[in-house]
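Structure record follows, encoded as structure tokens.
The values are calculated or read from the model by the stated rules, or taken from the named source; none is laboratory data. Please read all numbers here as calculations on a predicted model, not as lab measurements. Glycine also receives a Cβ, built like all others from the backbone with ideal geometry; neighbour counts cover every protein chain displayed. Protein only, heavy atoms only, side chains kept; ligands, DNA and RNA dropped before computing areas. Shrake-Rupley method; radii C 1.70, N 1.55, O 1.52, S 1.80 Å.
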Amino acid sequence: MDNSVKHLLQRLIRRIPASMLKSTLDKWGRLTAENRKSLDFTQSKWTIAQELVSICEESELTVKHITELEMIYITENPNQGMWHTFQLVDPEDDAHSVELMQFKEQFKSHLSELKRNVSVKIKKHTDEAVWIRVAWGDGLSRPNHLKATYVVHYLQTPYVFVNALSSKHKPLLLQALTLSTKHQQIKAANLSGQKLTALRDLLMRQYQQVFPTKYPSPLPEKLRIEKVQAEASANRHRMAGETFGDGTLPALQSAVFQLETKFKDPTNEAMTQRDEPFICSVKFSSSNLLESLRHCAASGIASTPVTPLLSSIPLKGRNYFVITDNVPTA
């Protein structure tokens, strides 16, 4: 075991919370019962890491085995780092028939053709998600396992979630994904965040939704309530529910609205004739942005009905929007 593999293992052990370390190592299955008994999990992380390095060296474990341990931890604790979403478009006629083994072979083959010295590990998770770990090498150098890219894709869906992808490797990865899933193109879905589960639930509509109808739904029975404030409160709650749903919402953490507009002032010809638009960005942040927006609408802090800018977040499954001038066409 060379120094780079030792460093990978030590960093991984420090990364795994102490309360999860024993169970994660058990799921790994690379340690003997005697090895597991010899570990004292009350010791410091540094001491445990050193002991594990010695055990792994004696067992002749390689970088392949260490990356297996990393994938076990990451797949069960995905809400870390920054995840970006992409959408596959223009599927070929047989795109729906792509199975796991076929996808594995095609993805590895296409990526290897596009990039030398790349290490790929693919694993299917219990929720049917296909997890991909890619370690990139440069030139003649070996793959750098300390800066791996993670990809999550649900077969037969158009959505792909990517973590820790550099701009240098982005076109290579996206091309390999497009070809192996039998699509013509892939585009950014304008949705990102630290919580993978929230992004997945929002895009794949895996939460309780209430869709608005043309006519207002009847209010709960309020025959004895005469106060206008009570009627207004019921109306606000109904509108908030129609926009965001009534159940638990995906814990989206931010949304960005970017305004691009030209300067408009007939008295200032120099500024008006500028080709470049003025750009202003507004970012909303919260531990659970959708829940916060629903509460603001229901409590009267925000006006109802909810503005289309905010209701577009759950409706379109995005958290990045660019607003431009409406320029009339000739």
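Being touching a residue at least 24 places away in the same chain (Cβ under 8 Å) and either farther than 23 Å from Thr75 by Cα or assigned to a loop (DSSP other than H, G, I, E, B) (or both) narrows it down to one residue among Pro171, Pro143; which is it?
Of the residues listed, the single one that is touching a residue at least 24 places away in the same chain (Cβ under 8 Å) and either farther than 23 Å from Thr75 by Cα or assigned to a loop (DSSP other than H, G, I, E, B) (or both) is Pro143.
Which residues, counting only those in the stretch 281-306, are open to solvent by 60 Å² or more (accessible area, probe 1.4 Å) and either in the same structural domain as Thr197 (by the TED database) or not in a helix (DSSP H, G or I) (or both)?
Ser281, Val282, Lys283, Phe284, Ser285, Ser287, Ile301, Ser303, Pro305
Being out of contact with any Cys (no Cβ under 9 Å at 6 or more places or on another chain) and over 12 Å from Val120 (Cβ atoms): is that true of Val134 here?
no
Could you run through the stretch 18-38 and say how many residues are under 24 Å from Leu146 (Cβ atoms) and either touching a residue at least 40 places away in the same chain (Cβ under 8 Å) or open to solvent by less than 50 Å² (accessible area, probe 1.4 Å) (or both)?
Qualifying residue count, the stretch 18-38: 7.
Filter the stretch 133-153 down to residues that are of a type in the set (D, E, K, R) and surrounded by 15 or more Cβ atoms within 10 Å (Cβ to Cβ), then give me how many there are.
The number of residues fulfilling the criteria is 1.
Out of Val130, Val89, Val63, report the one residue that is open to solvent by less than 20 Å² (accessible area, probe 1.4 Å) and either of a type in the set (A, V, I, L, M, F, W, C) or under 24 Å from Ser192 (Cα atoms) (or both).
Answer to the selection: Val130.
With Phe278, Phe257, Phe321, Phe263 as the choices, which residue is touching a residue at least 12 places away in the same chain (Cβ under 8 Å), open to solvent by less than 40 Å² (accessible area, probe 1.4 Å), touching a Lys or Arg at 6+ places or on another chain (Cβ under 9 Å) and not small (Gly, Ala, Ser)?
Phe257
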